Amino acid sequence: MKIHEFEKGLSDRVAIITGAAIGNGRAFCERLAEEGAKIVIADIADASETVEAVRAIGGEAIALTVDCSDQISVAEMVKTVMDMYGRIDILVHNVGMYDEEPFELISFNQWKKMLDINLNSMFLVVQAVLPFMKQDSFGRIIMMSSNTVWLGTPYLTHYATAKMGVIGFTRSLAAEVGRYGITVNAISVGLTATQRPINEKRATSGTILQHILPEQAIRRADEPEDIANVVAFLSLPASGIITGQTINVDGGAARH
Ligand SMILES: NC(=O)c1ccc[n+]([C@@H]2O[C@H](COP(=O)([O-])OP(=O)(O)OC[C@H]3O[C@@H](n4cnc5c(N)ncnc54)[C@H](O)[C@@H]3O)[C@@H](O)[C@H]2O)c1
């Protein structure tokens, strides 16, 4: 195939973006809609503001209320998408949970919840969409990891364990499904401007800021749009030769 023969944009493609009620996920929806994709938002929270944002730029979007860590909820979501559109071309699995805690204070329940939201949800959603991508011999699966897995940032043993799991999953699945025209990639996201100070009262508050920003070659936090541009590239037919990769989008923090 010559470069000029690559399909341009994502017209008529259907993209599921999980965890897109707010934050980075909303930017992914807007960016993929700009490329022409029909957007399905799968979030446990109300995502109507993201739907409005996509429609405001002339895109098409629906929001489904889904608990991505629940198998039945995920199965219902995928059935709804197939009934409505008859295809699933792109999955951006953006659902994630972040928490800072010194290792010795992490309860077993906290540990299990971290793995549930970051890893089990990924297993469930990817396994549910894969048969439909195989059926069409095309698929783009994009996962969110974190540059903290390379940096060894403290107080994140539970989070870093889950996000390193995303990378192992990505490499292994990519090797399995490449023959069906499906690519599987991860983005190792750096400190992003969406990040809210969820642990304001904790002694560890500000850990990420203190440890990561001084390490960056480009000393500003990621904007959601920085990551959305990479999501768009990895979604396009033209990126079909790239799979099993984890791309650092982090201002060069993880360059050592
Ligand atoms: N923001 C950062 O600095 C940063 C850095 C590295 C990696 N990441 C990763 O990027 C992704 C997005 O980050 P963010 O900061 O935009 O997240 P966020 O916390 O702002 O948004 C997460 C979304 O996921 C939804 N969600 C949570 N649990 C869910 C479930 N069980 N089912 C369905 N939806 C659920 C929430 O309602 C929310 O809309 C996450 O995977 C995160 O770990 C973020």
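The values are calculated or read from the model by the stated rules, or taken from the named source; none is laboratory data. Owing to the predicted nature of the structure, the values given are computational and were not obtained by experimental measurement. Quick reminder, even Gly has a Cβ in these numbers, built from the backbone with ideal geometry, and neighbours come from all protein chains shown. All accessible areas refer to the heavy atoms of the entire protein, side chains included, with ligands and DNA or RNA removed. Shrake-Rupley method; radii C 1.70, N 1.55, O 1.52, S 1.80 Å.
Order these peptides, 77-90, 236-249, by their mean beta-carbon neighbour count within 10 angstrom, highest first.
The packing order, highest mean first, is 77-90, 236-249.
With labels modelled as points extended 7 Å from the Cα through the Cβ direction, what inter-label distance (nm, one decimal) is found for D136 paired with I242?
Distance between the two pseudo-spin positions: 2.1 nm.
What is the distance in Å between the Cα centres of the stretch 12-46 and the stretch 217-256?
17 Å
Rounded to the nearest angstrom and ordered from largest down, what semi-axes does the equivalent ellipsoid of the chain get from its C-alpha gyration tensor (root of 5λ)?
Each semi-axis is the square root of five times an eigenvalue, giving 29, 20, 18 Å.
Largest first, how would E100, E34 line up by accessible area (1.4 Å probe)?
The ranking, largest first, comes out as E34, E100.
Considering the alpha-carbon set of the stretch 102-155 alone, what are its Rg and its Dmax in angstrom?
Both quantities, over Cα of the stretch 102-155: 15.6, 48 Å.
Suppose every Lys and Arg Cβ carries +1 and every Asp and Glu Cβ carries -1, with no other charges. What dipole size does the stretch 82-142 come out with about its Cα centre, to the nearest 20 debye?
320 debye
From largest to smallest, what semi-axes in whole angstrom does the stretch 1-137 give when each is the square root of 5 times an eigenvalue of its alpha carbon gyration tensor?
Those come to 29, 17, 15 Å.
Show me, for the stretch 180-186, the HN-Hα J-couplings you get by feeding each phi into the Karplus relation (A = 6.51, B = -1.76, C = 1.60, θ = phi - 60°), rounded to Hz, glycine and proline as x.
With the stated coefficients, the stretch 180-186 comes to 9, x, 10, 9, 10, 9, 10 Hz.
Between I22, I62, I218, which gets the highest mean-square fluctuation from a Gaussian network model of the chain, Cα cutoff 10 Å?
I218
Suppose accessible area is computed on protein heavy atoms with a 1.4 Å probe; arrange K8, K113, K38 from highest to lowest.
K8, K113, K38
Mind ranking Y155, Y98 by accessible surface for me, highest first, 1.4 Å probe?
So the residues, ranked largest to smallest area, are Y155, Y98.
Cut-off 20 Å, label point 7 angstrom out along Cα-to-Cβ of Q110: give me the residues of the stretch 136-150 whose amide nitrogen falls inside.
Answer for this model: 146, 148-149.
Once phi is turned into θ = phi - 60°, what whole-Hz ³J(HN,Hα) does the Karplus curve with 6.51, -1.76 and 1.60 give for every residue of the stretch 91-102, x standing for Gly and Pro?
Coupling constants for the stretch 91-102: 10, 10, 8, 9, 3, x, 10, 10, 7, 10, 7, x Hz.
Hydropathy first: keep DSSP H helices in the chain averaging at least -1.0 on Kyte-Doolittle, then drop any whose Cα extent along the axis falls short of 15 Å, and list what survives.
Numbers: long enough: 23-34 (18 Å, -0.63); 71-85 (21 Å, 0.49); 121-136 (23 Å, 0.91); 157-177 (30 Å, 0.40); 224-235 (16 Å, 0.85).
Qualifying helices: 23-34, 71-85, 121-136, 157-177, 224-235.
Suppose every Lys and Arg Cβ carries +1 and every Asp and Glu Cβ carries -1, with no other charges. What dipole size does the chain come out with about its Cα centre, to the nearest 20 debye?
Working: 22 positive and 30 negative charges, 116 e Å.
Computed about the Cα centre, the dipole is about 560 debye.
Eight or more residues apart or on different chains, and alpha-carbon atoms under 30 Å: count the Lys pairs in the chain matching that.
Step by step, the pairs that qualify in the chain add up to 18.
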